[in-house]
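Here the structure comes first, spelled out in structure tokens, and everything after it is commentary.
The values are calculated or read from the model by the stated rules, or taken from the named source; none is laboratory data. Bear in mind the structure is a predicted one, so any value in this text is a computation, not a measurement. Positions of Cβ are backbone-derived with ideal geometry, glycine not excepted, and every protein chain shown enters the neighbour counts. When the accessible area is computed, the model is the full protein with side chains, heavy atoms only, and any ligands, DNA or RNA have been set aside. Shrake-Rupley method; radii C 1.70, N 1.55, O 1.52, S 1.80 Å.
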Amino acid sequence: MIKSQIEKLLNEAAKSEEIEDKLSCTFSSRPECDYQCNDCFAIAKKMGKNPYEIAENIVKNIKNNNFYKFSAAKPAFINIQLTDQCLAYIAQVFLHDNFCGVNRNKHGQLVILDYGGANVAKALHVGHLRPAIIGESLKRLYKLMGDNVISDVHLGDWGLQMGLTELQLFEEGKLDGYFGKGENKPLTLDDLNEAYPKASLRKNIEEDFKKKAEQWTLKIQRRESPYFEIYQEIRELSVKEIKVNYSRLGAEFDLWYGESTADEYCGEAIDIIKQKGLLKQSEGALVVEVAQEGENVPVTKNGQTTYLNPMPPCLIQKSNGAVLYATTDIATILMRNKLYKNVDRIEYVTDARQKMHFTQVFRTCKLSGISPEKQDLIHIVNGTMNGRDGKPFKTRSGDTIKLEDIIQMLCEGAMKKLKANGVEGGEDEALKIGVAAMKFGDLINNVSKDYIFDLDKFMAFEGKTGPYIQYTVVRINSILNKVNLPAGDIIINNDQVRNIIKAILKLNSSYQVCYKEHSLNNLCASVFDLASAFSSFYNEHNVVNEKDKNVQASYIALLTLVKRCLMQALDVLAIEVPEKM
Ligand code: ARG
């Protein structure tokens, strides 16, 4: 609203200077202005004129008004300041707007977001943490911005781990009932959690075991009895546990599909690829060549040939007929396009190890037409969460950390903090605070960057942390509960109020930035700025004891607005606020 009004004024003024270019403005974080226009440099270059003069002339042409003050600033910016009247007006409009003034997209897109990736029979581990946190928040951001988003956990439930786990359990005698040797004792989570790691180790040293596990996997994939029934029991048990862990993290999925769901579509996907003449034989397997110009470039040095920018073919079917990870992902895209009409984007969140995989899958889908030309296939690559040594976060003994253990650590950390603050918090509060600490500590970093897991830093009640933002809301609630007065008109009577409204404008502009970047760091930074703007206000003004009733009613309106803006942002970050802390 503000931005487009300012741009309208700028462009009208530019027209009378015979400037043909469209001018635009951006939110400014410089103290001397609220918005700025940086276009005069480029215009001057094109017209062969002095850039500062261009800025001055445009400003001269803008009529004075009650909302915006325009000025030219060296070297060649146009600065725009919002007047108090404008700020008061904005605050009032935002207070009564369902989305607190966030500029939502007019035409929302249909998006499928694939960000869970938990594997059946394997425990969720630290590697699944970031995709769950980032994916959940992106989903909420896109929805706020007007998209229709469907989230799919896309379970890893059709791979070699299934055969490995079953074979291991079989050799331990835990599947005897299925093979006519006595009664079946139901499998337990402990059985699964022990079997997979053992099997995974064995596969690397026992060639026979690996071969056999591959055969078992194929039998499961062919739905042979009893292999498939065992698989179903394992899947059900495992999914129950996965659901508990995701829900503690606040990750909610619309679809609990998996690789196995897509299996039905593998045959059809392979047929389409074949009909397009893309399927090639390679050492008995079926592949699609996906390399583009500039990839797989041979370089020969001392008689040795290596390849620059390697892009191996996409593996579609093994020589034994089994389908692979890529096949199920291609079939999933086919399935999604059959179940939903006009999907605009399909997005995936995983770490960098899957870069090549998604490049191969996306290219195969585009070449074969399984994904329509206008559909965006996007892989959002998350950086890793590292320990203090800068290496991927591990247990003391060097093992991968289970997600469950991290959640436990967060709850314990939060519990300690609550105790130190003399608050009698229960487990519910501790979970909310612990998860907030983790999420904010994660999302304040650019999605693609690595960061260091520092529980003490994340858990602090001061600074750029989740608990600090939660604490701000708790403080506002306590003031609102103490003052029994309806909200009045917002009056701009001091700098602290002014800064709060500017911080809200900044927060609202950050939703657009994040939407474009598929990242949430900008939003986190703006949420923190709003919380600190509130904190400065809180230190200077005593709302509860304010004598002037008009001013007090204005503060109540202001606090209500700040609370709603913070809550809206926290909802996007999937952070809940405890009653007390
Ligand atoms: N299950 C995979 C893993 O744990 C992640 C799945 C990502 N999503 C996908 N559609 N391939 O590595």
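Select from the range 321-352 the residues that are touching a Leu at 6+ places or on another chain (Cβ under 6 Å) and among the charged types (D, E, K, R) and list them in ascending order. Once the filter is applied, which keeps residues that are touching a Leu at 6+ places or on another chain (Cβ under 6 Å) and among the charged types (D, E, K, R), the range 321-352 yields 344, 347.
Just to be sure, is residue 303 over 19 Å from residue 364 (Cα atoms), at pLDDT below 95 and open to solvent by less than 50 Å² (accessible area, probe 1.4 Å)? No: the conditions fail for residue 303. A single entry from 355, 374 fulfils the requirement of being open to solvent by 70 Å² or more (accessible area, probe 1.4 Å) and either in contact with a Leu (Cβ under 7 Å, 6 or more places away or on another chain) or in a loop (DSSP other than H, G, I, E, B) (or both): 374. Here residue 218 fulfils each of the conditions (1) away from the ligand (no atom under 16 Å from the Cβ); (2) open to solvent by less than 70 Å² (accessible area, probe 1.4 Å); (3) modelled with pLDDT of 95 or more; (4) hydrophobic (A, V, I, L, M, F, W, C) apart from (3).
Exactly one residue out of 85, 92, 81 is outside any loop (DSSP other than H, G, I, E, B), in contact with a Lys or Arg (Cβ under 9 Å, 6 or more places away or on another chain), more than 30 Å from residue 247 (Cβ to Cβ) and open to solvent by 30 Å² or more (accessible area, probe 1.4 Å): that is 81. Based on this model, can you work out whether residue 71 counts as within 40 Å of the chain's Cα centre (by Cα), within 27 Å of residue 560 (Cβ to Cβ), open to solvent by 30 Å² or more (accessible area, probe 1.4 Å) and hydroxyl-bearing (Ser, Thr, Tyr)? Considered against the rule, which asks whether it is within 40 Å of the chain's Cα centre (by Cα), within 27 Å of residue 560 (Cβ to Cβ), open to solvent by 30 Å² or more (accessible area, probe 1.4 Å) and hydroxyl-bearing (Ser, Thr, Tyr), residue 71 comes out as no. Hey, could you check the range 281-300 for residues that are over 37 Å from the mean Cα position of the chain (by Cα) and not hydroxyl-bearing (Ser, Thr, Tyr) and say which is surrounded by the fewest Cβ atoms within 10 Å (Cβ to Cβ)? Of everything passing the filter in the range 281-300, 283 is surrounded by the fewest Cβ atoms within 10 Å (Cβ to Cβ).
Summed over the range 118-161, the residues that are under 20 Å from residue 449 (Cβ atoms) and either over 13 Å from the mean Cα position of the chain (by Cα) or near the ligand (Cβ under 9 Å from one of its atoms) (or both) give a count of 4. The residues on offer are 460, 437, and the sole one that is in contact (Cβ under 8 Å) with a residue 12 or more places away in the chain and among the small types (Gly, Ala, Ser) is 437. Criterion applied to 60, 8, 22 was being under 36 Å from the mean Cα position of the chain (by Cα) and not in a loop (DSSP other than H, G, I, E, B), and the one residue passing it is 8.
Give me a count of the residues in the range 203-219 that are under 36 Å from the mean Cα position of the chain (by Cα), under 23 Å from residue 237 (Cβ atoms) and free of Cβ contacts under 8 Å to residues at least 60 places away in the same chain. The number of residues fulfilling the criteria is 2. Whenever a residue of the range 312-330 is closer than 12 Å to residue 285 by Cβ and at pLDDT below 95, its partners that are among the small types (Gly, Ala, Ser) and within 16 Å of the ligand (Cβ to nearest atom), lying with C-beta atoms within less than 9 angstrom and at least six residues away or across chains, give the pairs 323/331; 324/159.
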